[in-house]
Amino acid sequence: MTYDAFKVVHLFGVIVFLGNIIVTAVWKVMADHTGDPRIIAYAQRLVTLTAGGVVLILMGAYGMAAVAGLNLRGTTWLVWGQVLFAVSGLIWVFILIPTQIAQARQARAFANGTSIPDSYWRHNRRWVVWGVIATVVPLANLYFMVFKP
C-alpha cells in the first residue's frame, strides 16, 4: 500500500474511533438523564457493543511509518502519539470496559422497569469521569498528529 492509502485507513479509523467515543457518551448521558430504567437499560446494552476504529488506526499509523521510513521512537510527535494512544487504551481496558460491563449487568436486572440501584449511579459517575479523561487523551493525540510539535 502507498503512504496515502495508509493515511486514508488511518483517518477513517480516527473518525470511527472518536465518533464512537463522543456519540456514545452523549447518547448514554441523555439516556441516563431520563431516569427511565427501560431507556437506560437499552442504552447501556448498546454502549457495551461499540468497538471503534482501533485496528484501522494502528494499521494506518504503522503502515504510514513503515512506508515513509519514520523513526517511531525518535520522533517526538510520534512518541507522544503512541503514548497517548496507549494511555487511552489502558483507561478503556482497565476502567471503562469493566465499568460498562458492570452497568450492563445491572441494567439487565432493571430493564423491566424496576428501580435503578444506587450502585449503578456510582458506576456511572466513574464512567463519566474516566470517560471524559479517555476522550480528552485522544483529542490531545489529534493535536500531536496534526501539528507535529
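Take A68 and R126, extend 7 Å from each Cα along the Cα→Cβ direction, and tell me the distance between the two endpoints in nm. Label at A68, label at R126, 3.9 nm between them.
Comparing mean-square fluctuations of N112, N124, N20 from a GNM of the chain with C-alpha springs under 10 Å, the top value falls on N112. In terms of surrounding Cβ atoms within a 10 Å radius of their Cβ, D36, D4 rank from fewest to most as D4, D36. Taking the Cβ-Cβ separation of T2 and V26 as r and a Förster radius of 25 Å, what is the calculated FRET efficiency to the nearest 0.05? FRET efficiency, T2 to V26: 0.10. Panel order for M1, M145, M30, by other beta carbons found within 10 Å of each beta carbon, from fewest to most: M30, M1, M145. Estimated at 0.36 nm per residue, the fully extended path between T114 and L139 surpasses their Cα-Cα distance by 5.2 nm.
Once fully extended, how much extra length lies between R105 and A86, figured as 0.36 nm per residue of separation less the alpha-carbon to alpha-carbon distance?
Working: separation 19, 0.36 × 19 = 6.84 nm, distance 2.73 nm.
So the chain would gain 4.1 nm between R105 and A86.
Counted over the chain with a bin width of 5 Å, the fraction of Cα pairs per bin, in whole percents, is 2, 9, 17, 20, 15, 11, 9, 7, 5, 3, 1, 0.
For the chain, the mean residue ellipticity at 222 nm estimated from helices alone is -27000 deg cm²/dmol, where every DSSP H run of n ≥ 4 contributes -39500 (n - 2.57) and the total is divided by all residues, rounded to the nearest 500.
Within 10 Å of each residue's Cβ, count the other Cβ atoms and sort K148, K28, K7 from fewest upward. Don't skip to the answer; put the middle values down first.
Working: K148 12, K28 22, K7 17.
Placing the least packed residue first, the sequence is K148, K7, K28.
Please compute the length gained on full extension between V55 and T34, using 0.36 nm multiplied by the number of residues separating them and subtracting their Cα-Cα distance.
Details: separation 21, 0.36 × 21 = 7.56 nm, distance 3.41 nm.
Result for the pair: 4.1 nm of gain on full extension.
Coordinate-derived values only; no laboratory data. Given the structure is predicted, the values throughout are model-derived calculations rather than measurements. Positions of Cβ are generated from backbone atoms using ideal geometry, with glycine treated the same way; all protein chains shown enter the neighbour counts.
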